[in-house]
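The values are calculated or read from the model by the stated rules, or taken from the named source; none is laboratory data. A quick note: this is a predicted structure, and the numbers were derived from the prediction, not measured. Every residue, glycine among them, receives a Cβ derived from its backbone with ideal geometry; neighbour counts consider all protein chains shown.
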Amino acid sequence: MQSNWSGCWALFIKEVRRFYSVVVQTVFAPIVATLLYLLVFGHVLETKIETYASVSYSQFLIPGLVMMAILQNAFSNTSSSLIQSKMHGNLSFVLLSPISAFEFYVAFVLASVVRGVIVGLGILIIGVVGFDLTWQSPLWVLVFAVLSAAMMGGLGMLAGIISDKYDHLAAFQNFVIMPLTFLSGVFYSIHALPEFWQQLSYFNPFFYMVDGFRYGFFEQSDVSVYLSLLVTIVFLTIVSSINLILLRKGVKIRQ
């Protein structure tokens, strides 16, 4: 099949318009919910948790919350779109279009990146204005935001493919995505944990995304930023490869 990037672009625009049509639910609601975490945890734990040198707890917390919002919303965008299309029976119309599995995957993942980054940007603007947050290495901030959103968009597609109904998708989100997100160092530095939980955190890929993203603001991190970048790229590659195999075979989407 010849490349059909115009079809890929059309599918991408369709996915962006889908979440934009309910922008209050898909963008503004996550921003407000995340800011509640900032108000509650930032106020209660401001003087109780030690973070990086010369960095207040609220400043430390904001990049973690931004990345958490990016991860969760990028995942939700692809997973909800795919499961809705499967349940409503309109996925077949997309599959009949002359676009390849790779173009299908790119369109969905790019739309999830757009949604995740928009939500994260909304939270970040408030952090910069209200908490005097600055970033030392903007390039690292951008790189981790885009790569992490792409990885989670791919993971959301994987969840949408293997799920047969909304309950399956909810279970995946509640028992996999939420725990890994909350235990990724969003609210704390892993060096504040007991040794056992520190070692366990190193097996959580979300930790590296949060830590690398936070490095872009303070040029301080719990592990090497290059290790975080490597782990993020490896998981993005693995998730993308699995999705492309499933899409080309039509597993649970051509039935």
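All of Ile99, Ile83, Ile123 fail the test of being of a type outside the set (Phe, Trp, Tyr), crowded, with 19+ Cβ neighbours inside 10 Å, over 22 Å from Thr232 (Cα atoms) and touching a Cys at 6+ places or on another chain (Cβ under 7 Å), apart from Ile99. Across the stretch 31-55, which residue is nearest to Trp140 (Cα to Cα) among those that are modelled with pLDDT of 85 or more and not hydrophobic (A, V, I, L, M, F, W, C)? Residue satisfying both the conditions and the ranking: Thr34. Residues in the stretch 204-220 that are among the acidic types (Asp, Glu) and surrounded by fewer than 24 Cβ atoms within 10 Å (Cβ to Cβ): Glu219 only. Any residue at all in the stretch 115-127 that's among the hydrophobic types (A, V, I, L, M, F, W, C) and either over 20 Å from the mean Cα position of the chain (by Cα) or farther than 29 Å from Asp222 by Cα (or both)? Within the stretch 115-127 (the criterion being among the hydrophobic types (A, V, I, L, M, F, W, C) and either over 20 Å from the mean Cα position of the chain (by Cα) or farther than 29 Å from Asp222 by Cα (or both)), the answer is no, since none of the residues qualifies. In the stretch 118-142, the residues that are more than 20 Å from Asn73 (Cα to Cα) form Cβ pairs under 7 Å with partners that are of a type in the set (A, V, I, L, M, F, W, C) and surrounded by fewer than 21 Cβ atoms within 10 Å (Cβ to Cβ), at six or more places apart or across chains, as follows: Gln136/Phe218. Taking the stretch 221-250 as the range and being surrounded by 13 or more Cβ atoms within 10 Å (Cβ to Cβ) and part of a loop (DSSP other than H, G, I, E, B) as the test, the residues that pass are Ser221, Asp222, Val223, Ser224.
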